[in-house]
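Student: The following block contains the structure, expressed as structure tokens.
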Amino acid sequence: MNLCSLNLPSSWFIYLHMLLILFIFTSTWFGRNAIASTLGNETDQLALLKFKELIFNDPYGILDSWNSSTNFCNWDGLTCNPMHERVIQLNLQGYQLHGTISPLVGNLSFLRVLDLGNNNFYGTIPREFGRLLQLQGADLSNNSLHGEFPTNMTSCFELQELHLYGINLIGKIPVEIGSLRKLQVLSVGRNKLTGQIPASIGNLSSLTHLFMGENNLEGEIPQEIGLLRNLTYIQVGENKLSGMLPSTLFNMSSLITIAATLNQFNGSLPSNMFQNLPNLQEFGIGGNQISGSIPISITNASVLQLLDIGFNYFVGQVPNQGKLLDIVYIDLENNSLGGNSTNDFDFLEPLTNCSKLYFFSISYNNLGGYLPNFIGNLSTQLSQLYLGFNQISGKIPAELANLNNLTILSLGYNHFDGIIPTAFGKFREMQILGLDGNFLSGIIPTSIGNLSKLFSLSLTQNMLEGNIPPSIGNCQKLQSLYLAQNNLTGPIPSENLFSGSLPDEVGKLKNIEKLDVSDNYLSGNIPGTNGECMSLENLYLQGNSFNGIIPSSLSSLKGLQYLDLSRNHLSGSIPEGMQDISVLQYLNVSFNMLDGEVPTEDVFQNSSRFSITGNSKLCGGISNLHLPPCPINGRKLAKHHSYRKLIAVIVSAVAFLLIVH
């Protein structure tokens with residue numbers, strides 16, 4: 001048919017012409033894209049197969065599906081774009097894959113998420129990763145990689161999260177890091193990075209989380225950190241950073257966590273700093289050289305949950321923290337807080353409002369005066385309370401027993417006097433109780449036997465008297481028992497005068513690892529039941545009045561490493577089985593009344609590992625002890641006489657045979 005004969009309007013011809021051009025264009029476009037898509041698919045598949053080739057161990061078989069029998073978009077660990085069938089996610093996190101990372105991963109040009117964290121990859125991060133221009137998230141954390149920070153990845157301008165935690169990176173953080181304007185999370189902690197934090201970090205305007213802890217970074221935190229208005233979390237702890245904390249840091253109202261522990265920061269904190277940090281929940285600067293007073297504005301830190309300023313040089317009184325209703329953890333230890341005065345504990349009563357408090361330590365300071373009875377009104381959630389190494393005097397408040405969820409109570413090395421409160425028997429959750437280094441007197445209360453979860457009890461260096469209560473045997477989980485250096489009567493002598501005998505119940509402590517009752521007046525036999533304490537590693541019984549023999553059952557303590565029985569009245573011989581304790585590092589039996597032969601095996605082979613001084617009737621042993629030889633007893637003489645008879649018979653028989661022959 002002749003189209004011209006149809007007498008159509010000229011506009012129709014123009015329309016048909018345009019349709020023809022569009023058809024030709026789209027055919028060409030789709031054809032090219034089909035070819036490009038095919039080529040792209042082949043590139044992705046090749047890159048993935050090369051990746052698999054470099055994996056030498058795949059314990060979970062996650063890569064078993066990576067073969068040509070199925071489309072690679074169906075392989076485990078992969079996600080493809082449904083339109084282009086190009087890989088957009090590679091997620092093999094936590095499969096313990098062992099091998100190197102193929103540089104051909106850089107050919108996955110559509111890749112947005114790369115997660116290879118928590119595997120056993122080794123080698124370096126391929127430079128080709130810098131070609132992944134659409135990459136938004138990368139996680140290579142917790143592998144055995146090495147090398148410098150992958151500077152090429154700073155060309156991946158779409159990156160929002162970069163996790164390079166714990167992969168042995170060395171060198172410096174590159175200045176180019178500042179080009180990642182969309183970056184929200186930067187995690188480079190637990191590496192070996194050196195140098196300074198670059199000022200260009202201030203260009204990361206989208207950053208919310210910054211992890212740089214556990215490296216070797218030095219110098220000051222740049223003031224430009226204050227430009228990060230979206231930052232909520234900063235962790236730079238365990239480095240070698242120094243100088244003052246940047247003033248801009250204390251004006252960042254978005255901050256939830258500041259973690260800068262174990263560095264070399266100095267200077268003081270602004271008194272009003274907490275007024276400008278309304279969202280701060282965690283503030284950790286322990287283990288630095290920061291001085292001055294604790295900022296008084298801490299009373300306004302109403303959402304604070306963790307406060308760690310221990311191991312610094314803070315001075316003065318502890319401010320009121322009664323408004324910190326969410327506080328869980330307070331560590332003020334190892335400073336110079338307090339003035340050894342009666343008002344040093346004024347902060348304590350408001351603290352009773354903090355019903356969530358779980359951990360509180362103010363040990364190693366200069367707190368004085370009496371410990372107020374209302375300490376028993378602290379949170380019943382309190383689990384650990386450390387008040388040791390201060391100047392606190394007076395009686396130990398029995399009200400402490402109201403804190404019945406305590407697992408650790410440390411009151412050691414103060415000036416407490418009086419008795420150990422019997423109410424302490426209510427501590428049913430107690431695991432560690434330290435009352436050592438005080439002036440406590442009276443007896444050890446039998447109620448201590450109620451502490452069924454106790455595994456460490458330290459009462460050394462007091463003036464306790466009486467017997468070790470048999471109820472101690474009820475503390476079946478007890479691993480460390482320190483009762484050394486106590487007093488019976490009169491002034492504190494240079495030796496400890498703890499009276500009575502060591503009860504057999506001590507031998508029932510089957511989990512005991514350390515037992516120290518040295519330098520007391522304990523008497524009687526060493527209980528043979530100690531041989532049942534199979535976990536015992538350290539046993540110190542020196543400086544008492546024990547008599548009788550060394551129980552042979554001690555030889556069954558195969559884990560025993562240190563044994564000191566010196567300065568007692570022990571008699572008999574050293575059990576031969578002692579030389580069979582293969583892990584025994586030191587034995588001291590000096591200044592007793594021992595006799596007989598000194599063994600020569602194992603610990604007895606090296607004179608620096610044992611002491612037998614002051615036992616004049618010992619004999620034998622290794623040569624450098626210079627002990628007299630042991631006399632041959634009647635049985636040995638008889639044995640030698642029998643040997644002579646046997647030899648004579650043999651000689652006679654041989655002579656007779658020779659004559660006959």
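Student: Shape verdict for the chain, please, from the Cα gyration tensor: rounded (a/c under 1.5), prolate (a/b greater than b/c) or oblate. Please list the in-between numbers first.
Tutor: Working: a/c = 3.42, a/b = 1.63, b/c = 2.10.
Here the chain falls in the oblate category.
Student: Any idea what angle helix 634-660 forms with the longest principal axis of the chain, computed on alpha-carbon atoms, 0 to 90 degrees, nearest 10?
Tutor: 90 degrees
Student: What are the ³J(HN,Hα) couplings of segment 174-180, residue after residue, when phi is run through the Karplus curve with 6.51, -1.76, 1.60 and θ = phi - 60°? Round to Hz, x for glycine and proline.
Tutor: x, 4, 4, 4, x, 7, 8
Student: While we're looking at this one, here's another question. Magnitude of the Cβ-charge dipole of segment 550-645, K/R +1 and D/E -1, about the Cα centre, nearest 20 debye?
Tutor: 480 debye
Student: Something else now. Using the charge dipole of the chain (Lys, Arg: +1 at Cβ; Asp, Glu: -1 at Cβ; taken about the Cα centre), state which of 261, 147, 277 has its Cα farthest towards the positive end.
Tutor: Looking along the dipole axis, the top candidate is 147.
Student: Rounded to the nearest 500 deg cm²/dmol, what is the calculated helix-only ellipticity per residue at 222 nm for the chain, with -39500 (n - 2.57) per DSSP H run of length n ≥ 4?
Tutor: On the way: 3 runs with 75 residues, N = 661.
Rounded to the nearest 500, the figure is -4000 deg cm²/dmol.
Student: If you fit an axis through the alpha-carbon atoms of helix 10-53 and take the longest principal axis of the Cα set of the chain, what angle between them do you get, 0 to 90°, nearest 10?
Tutor: Approximately 20 degrees, to the nearest ten.
Student: Of 514/617; 477/617; 356/453, which sit over 29 Å apart, Cα to Cα? Display every interim value, and only then the final one.
Tutor: Values: 514/617 31 Å; 477/617 40 Å; 356/453 23 Å.
Long pairs (Cα-Cα over 29 Å): 514/617; 477/617.
Student: Between residue 54 and residue 320, what FRET efficiency follows from the Cβ-Cβ distance if R0 is 51 Å, with the result rounded to 0.05? Working shown, then result.
Tutor: Numbers: r = 61 Å, r/R0 = 1.20.
Given R0 = 51 Å and the Cβ-Cβ separation, E is 0.25.
Student: Could you work out the relative contact order of the chain, using alpha carbon pairs under 8 angstrom and six or more residues apart, expressed as a whole percent? Mind showing how you got there, number by number?
Tutor: Values: 1783 pairs, mean separation 24.2, N = 661.
This gives 4 percent for the chain.
Student: Here is a further query. Treating the beta-carbon of each Lys and Arg as +1 and of each Asp and Glu as -1, no other charges, what is the dipole magnitude of segment 303-354 about its Cα centre, to the nearest 20 debye? The partial results should precede the final answer.
Tutor: On the way: 1 positive and 7 negative charges, 21 e Å.
Charge dipole, segment 303-354, about its Cα centre: 100 debye, nearest 20.
Student: Are there GluC sites (Glu not before Pro) in segment 161-230 that DSSP puts in a loop and that have at most 15 other Cβ atoms within 10 Å, and which ones?
Tutor: Filter output for segment 161-230: 220.
Student: With +1 on each Lys and Arg Cβ and -1 on each Asp and Glu Cβ, how big is the dipole of the chain about its Cα centre, in debye rounded to the nearest 20?
Tutor: Working: 33 positive and 47 negative charges, 195 e Å.
In debye, rounded to 20, the chain gives about 940.
Student: Near the amide H of residue 148, under 5 Å away, which other amide H atoms are found, from residues 5 or more places off or on another chain, if H is placed in the peptide plane?
Tutor: 170
Student: For the cross-link pairs 52/182; 323/395; 182/240; 52/172; 192/240, which exceed 21 Å when the distance is taken from alpha carbon to alpha carbon? Display every interim value, and only then the final one.
Tutor: On the way: 52/182 31 Å; 323/395 29 Å; 182/240 29 Å; 52/172 31 Å; 192/240 12 Å.
Listed pairs above 21 Å: 52/182; 323/395; 182/240; 52/172.
Student: Taking R0 as 56 Å, what's the FRET efficiency between residue 510 and residue 84 from their Cβ-Cβ distance, rounded to 0.05? Intermediate results must be reported in sequence, preceding the final value.
Tutor: Details: r = 68 Å, r/R0 = 1.21.
My answer for the efficiency is 0.25.
Student: Using DSSP, restrict attention to beta bridges with both residues in the chain and report what percent are antiparallel, rounded to the nearest 5.
Tutor: Details: 6 of 111 bridges.
Here the antiparallel bridges make up roughly 5 percent for the chain.
Student: Could you check what % of the DSSP bridge pairs in segment 550-645 are antiparallel, to the nearest 5? Working shown, then result.
Tutor: On the way: 0 of 11 bridges.
Of the beta bridges lying entirely in segment 550-645, close to 0 percent run antiparallel.
Read the figures in this text as sums done on the coordinates, not as results from a lab. None of these values were measured; they are calculated from a predicted model. Neighbour counts run over all protein chains shown; Cβ positions are idealised from the backbone, glycine included.
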